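The values are calculated or read from the model by the stated rules, or taken from the named source; none is laboratory data. Note that the structure is a prediction, hence the values are computed from the model and not measured. Reconstructed Cβ throughout: ideal geometry from the backbone, glycine too, with neighbour counts over all protein chains shown. The protein model used for the area step is the full one, side chains on, heavy atoms only, and it has no ligands, DNA or RNA in it. Shrake-Rupley method; radii C 1.70, N 1.55, O 1.52, S 1.80 Å.
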Amino acid sequence: QVQLVESGGGSVQAGGSLRLSCAASGSIFSINTMGWYRQAPGKQRELVALITSGGRTNCVDSVKGRFTISRDNAKNTVYLQMNSLKPEDTAVYYCYIEGAWRGYWGQGTQVTVSS
């Protein structure tokens, strides 16, 4: 069984920063791509950023220059550093990990940005 534990969400004012973490544990034999998605109220879940096992990153245009995704393979952990936060970044953030045979989702962590 695989568990993903997210942390780091919270409430900040616009312009502030937060760092999300997602640690995987359990029967993970290998981890390929890791990523972060978000879902705002009344909207579909959308991709925020991805990082491959080789360290290549990609992110949605709306967060480029503000968010940075990284990973620590020794700790099976993916991070999302979020700077210059905007009210439109308010959402539940979910981590996603692609294992050898299937993907796994975190439980979600709320990020609220006030103006």
Longest span of the chain, sites excluded, free of trypsin sites (Lys or Arg not before Pro) in DSSP loop with at most 11 other C-beta atoms within 10 Å?
1-42
Diffing the range 77-93: the Karplus 3J(HN,Hα) column from phi (6.51, -1.76, 1.60, θ = phi - 60°), in whole Hz with x for Gly and Pro, holds 10, 10, 10, 9, 8, 10, 10, 6, 5, 10, x, 6, 7, 4, 4, 8, 9
Which of Val60, Val78, Val12 moves the most in a Gaussian network model of the chain with Cα springs under 10 Å?
Val60
Run the dipole for the chain about the Cα centre, Lys and Arg Cβ at +1, Asp and Glu Cβ at -1, nothing else charged, and hand back the magnitude in debye, nearest 20.
80
Lone cysteines in the chain, going by a 4.7 Å Cβ-Cβ cut-off?
Cys59
When only Cα pairs under 8 Å and 6 or more residues apart are kept, what is the percent relative contact order across the chain?
36
Between Gln44 and Lys86, what is 0.36 nm times their sequence separation minus the Cα-Cα distance? Round to one decimal in nm.
13.3 nm
Roughly how many percent of the accessible protein surface of the chain is carbon and sulfur, given a 1.4 Å probe and a whole-percent answer?
46
